[in-house]
Amino acid sequence: MFLDVLVTGFITGAGYALLASGLTLIYGVLHIVNFGHGIFYTLGAYVAFYLMTGSGIPYPLAAVLSLIIVGLFSYLVSRSMLVKLMREPPALTMILTWAIAIAIEEALVLQTSGQPVQFSTEFGQTPFPVGGIVVSGQKLITLGTSILFTGMLYLLMKRTLLGKQLQAMAQDFEEAQLVGVNTKKMFNVTFALGGILAAAAGVSLAALGGVINPSIGHLGIFRAFIVVILGGMGSMEGALIAGIMVGLAESFGGVYISGAFKAGFGYLLVMVLLIFRPRGLLGEEMPTLERER
Amino acid sequence: MKVAEIIKGRGMVVGLILSLMLPLLGFGSLIYLHLLILACIYGILAFSIEFPMTRLRAVPFGWGAAFGIGAYTSALLATEFGWPVIGCILLGVLASTLLGLVLGLITMKMRGSYFAIFSMVLLLFLQIVCVSWDSVTGGPAGVTGIPPISIGGLKLDTPFSFSFAGILAVWLVIFVIRRLTDSPWGRAVKAVGRNEVLAQSLSIHIAPYWVGTLSVAAAMCGLSGALYAHYFGAVGPTQMGLYYSLVALAAVIIGGGGTVGGPIAGTLFWVFVPEMLRMSGEMRMVIMGLAMVACMLFVRQGIWALAVSGFKKLGLTGRVQSQA
């Protein structure tokens, strides 16, 4: 039983870490909190769902296609709307992302008539005995996806030119422009990457519950915020560690403490953290004044 | 700007009298009165968030918390203890002022993103408290059977009578905002919002203005919440939710901040447009979201300022240009 709780917590935590990594990437590079991040998570799940049920595309292919579609979509959203506010105070962009997300989410509700739909696969349902416990296929998928994408993100950031450009932007936006980084394009690329990561989480983690509805983005985004703040805004490693911590805490808390107030502890933790150590575990020192860009 | 000039002094009285006649325009149409009241409640909500947003450049995503505290406090006091409703409303306002005070004190070092996130998490936390603290807050079902406002023996339990209270409340808020804005206090707040470092170099301490603004704004928001409670008769965890933050933000973004007309225009847009087009709840949100996006991209100053500048360009100010 204990092992089961541990593994579940670890795997869900890995999923949260994946979702949070997109959020922290966008913040680290662009200094914008993407309040609409949850909608990419939701879309990741729904696009895959529609591909599977509408066109009979098998899950793995549908998942990959979903990532591409959502990534493109977030790129377009950024390019058409968000980048126009690049020079404005980040607060405006934050509200904008929120507004866009709400519009899309409500449109989804209209589309689905508010009914949750079943999002699962045969493989996902098959139990796999591992060690002393039984793990569902979907959990393995979630774990695998998380490891895969986190690894890819790491490689991207550390080993590619693109990654170096993003790092440069994260360190100093203006300086990056001075050394020739096309910040406008990179702005959109960052959102695209964030979208892909969120969609990856949506495709894998969302299916754990078996059913999805348009508001799963909300639950996802709240957890993602907790993870990002705990791990430090802008820190990938922090997001990973914090994600697993949150996953474990939730898993154990849900079983051994339980109660509707469970999530309340998470929020309390975040508030205390923001007051006393806003940078989180591994984040950089936060400026107290708003950055002008 | 025409309305701004109306609000001051004698113009304000004129405006007050004119708007008090608004409920009569409905010819007893319940829907009209209901919408009018909604516009009043959301209008106050919009003004309450406009205050910190434009002066201090602080965007509290969790503003629904002040609304919810005002609503719940007033509701609970009225139903549990049976105190006079006016008193309950005042205490509700006081409670949300306290919230604003505490929030201001805690967030003094937080700016921008952190402030936004913190307020949102606070709101979510309070929402969970409302849901799980059954014994006090009534849990998911919330508080029902909230008595209407009664002054002396007069009960404001019909939309017609309540609308007057609503309008008066809106004018009270407008009055407070105007007086504060045009005072030395208000100018200091503006300085803090524009450039904190510069303000400090001019011997303006950030603390009292930050905390003060948030407290006053929270007080207004609490009033809005309390009015909601005593009009609808029931409040639940939904009233301590993101929806009201959204309404407030949308009204200010769409209508425009920094003026008296802006939040009003935004609120009217929110309240009347979906009704006129007969939209369902979800469609309404889609349109609101899109309207917000459109305004942020194209009409940054809000539709009110847009309309005013449009009128000016057409030479329709209605005011004789006086010599300097």
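The values are calculated or read from the model by the stated rules, or taken from the named source; none is laboratory data. Nothing here was measured: the structure is a model prediction, and the numbers come from that model. Every residue, glycine among them, receives a Cβ derived from its backbone with ideal geometry; neighbour counts consider all protein chains shown. The accessibility values were calculated without ligands, DNA or RNA, using every heavy atom of the protein model including side chains. Shrake-Rupley method; radii C 1.70, N 1.55, O 1.52, S 1.80 Å.
Whenever a residue of the range B:45-63 is more than 11 Å from chain A (Cβ to nearest Cβ), its partners that are part of a loop (DSSP other than H, G, I, E, B) and surrounded by fewer than 24 Cβ atoms within 10 Å (Cβ to Cβ), lying with C-beta atoms within less than 6 angstrom and at least six residues away or across chains, give the pairs B:50/B:257; B:54/B:257; B:54/B:258. Within the range B:265-284, if we keep just the residues that are in contact (Cβ under 8 Å) with a residue 24 or more places away in the chain and surrounded by fewer than 24 Cβ atoms within 10 Å (Cβ to Cβ), the residue that is nearest to the other protein chains (Cβ to nearest Cβ) turns out to be B:269. Beta carbons closer than 7 Å, at least 6 apart along the sequence or on distinct chains, never pair a first residue in the range A:7-30 that is without any contact (Cβ under 8 Å) to a residue 60 or more places away in the chain with a second that is open to solvent by 10 Å² or more (accessible area, probe 1.4 Å) and part of a helix (DSSP H, G or I). Every condition in (1) at pLDDT 85 or above; (2) surrounded by 24 or more Cβ atoms within 10 Å (Cβ to Cβ) holds for residue A:188 except the one numbered (2). Within the option set B:147, B:140, being in contact (Cβ under 8 Å) with a residue 60 or more places away in the chain and more than 12 Å from chain A (Cβ to nearest Cβ) holds for one residue only, B:147. Identification of helices (runs of 4 or more DSSP H) wholly contained in the range B:74-137 with 1 or more residues that are crowded, with 22+ Cβ neighbours inside 10 Å and at positive phi yields B:112-132. You will find that of B:234, B:305, the residue that is more than 14 Å from every other protein chain (Cβ to nearest Cβ), touching a Ser or Thr at 6+ places or on another chain (Cβ under 6 Å) and small (Gly, Ala, Ser) is B:234 and no other. Checking the range A:79-92 against the condition returns no match, with no residue being modelled with pLDDT of 85 or more, open to solvent by 10 Å² or more (accessible area, probe 1.4 Å), of a type outside the set (A, V, I, L, M, F, W, C) and within 20 Å of residue A:220 (Cβ to Cβ). Residues in the range B:168-179 that are within 16 Å of residue B:55 (Cβ to Cβ) and either free of Cβ contacts under 8 Å to residues at least 60 places away in the same chain or in contact with a Pro (Cβ under 8 Å, 6 or more places away or on another chain) (or both): 2 in all.
Looking at the range B:155-167, can you tell me whether even one residue there is without any contact (Cβ under 8 Å) to a residue 24 or more places away in the chain, more than 17 Å from the chain's Cα centre (by Cα) and surrounded by fewer than 14 Cβ atoms within 10 Å (Cβ to Cβ)? Yes, the range B:155-167 contains at least one residue that is without any contact (Cβ under 8 Å) to a residue 24 or more places away in the chain, more than 17 Å from the chain's Cα centre (by Cα) and surrounded by fewer than 14 Cβ atoms within 10 Å (Cβ to Cβ).
Let's see how each residue does on (1) modelled with pLDDT of 90 or more; (2) surrounded by 17 or more Cβ atoms within 10 Å (Cβ to Cβ); (3) within 28 Å of residue A:282 (Cβ to Cβ):
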site: A:25; (1), (2), (3): yes, yes, yes
site: A:52; (1), (2), (3): no, yes, no
site: A:107; (1), (2), (3): no, yes, no
site: A:112; (1), (2), (3): no, no, no
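Here the range B:285-302 is the region considered, the condition is being open to solvent by 50 Å² or more (accessible area, probe 1.4 Å) and touching a Gly at 6+ places or on another chain (Cβ under 9 Å), and the residue that is nearest to the other protein chains (Cβ to nearest Cβ) is B:300. In the range B:255-279, which residues are part of a loop (DSSP other than H, G, I, E, B) and closer than 14 Å to residue B:177 by Cβ? Passing the criteria: B:257, B:258, B:259, B:260.
Give A:118, A:125, A:138 a once-over and let me know the one that is polar (S, T, N, Q) and surrounded by 15 or more Cβ atoms within 10 Å (Cβ to Cβ). Result of the check over A:118, A:125, A:138: A:138. Here the helices (runs of 4 or more DSSP H) wholly within the range B:150-239 that include at least 1 residues being more than 27 Å from residue B:122 (Cβ to Cβ) and in contact with a Phe, Trp or Tyr (Cβ under 8 Å, 6 or more places away or on another chain) are B:159-181. Sub-7 Å Cβ pairs linking a first residue in the range A:62-83 that is at negative phi and within 14 Å of chain B (Cβ to nearest Cβ) to a second residue that is open to solvent by 60 Å² or more (accessible area, probe 1.4 Å) and part of a helix (DSSP H, G or I), at least 6 apart or interchain, are A:83/A:184, ordered by first then second residue. Among the residues of the range A:208-234, those identified as among the small types (Gly, Ala, Ser) and at pLDDT 80 or above are A:215, A:217, A:220, A:224, A:231, A:232.
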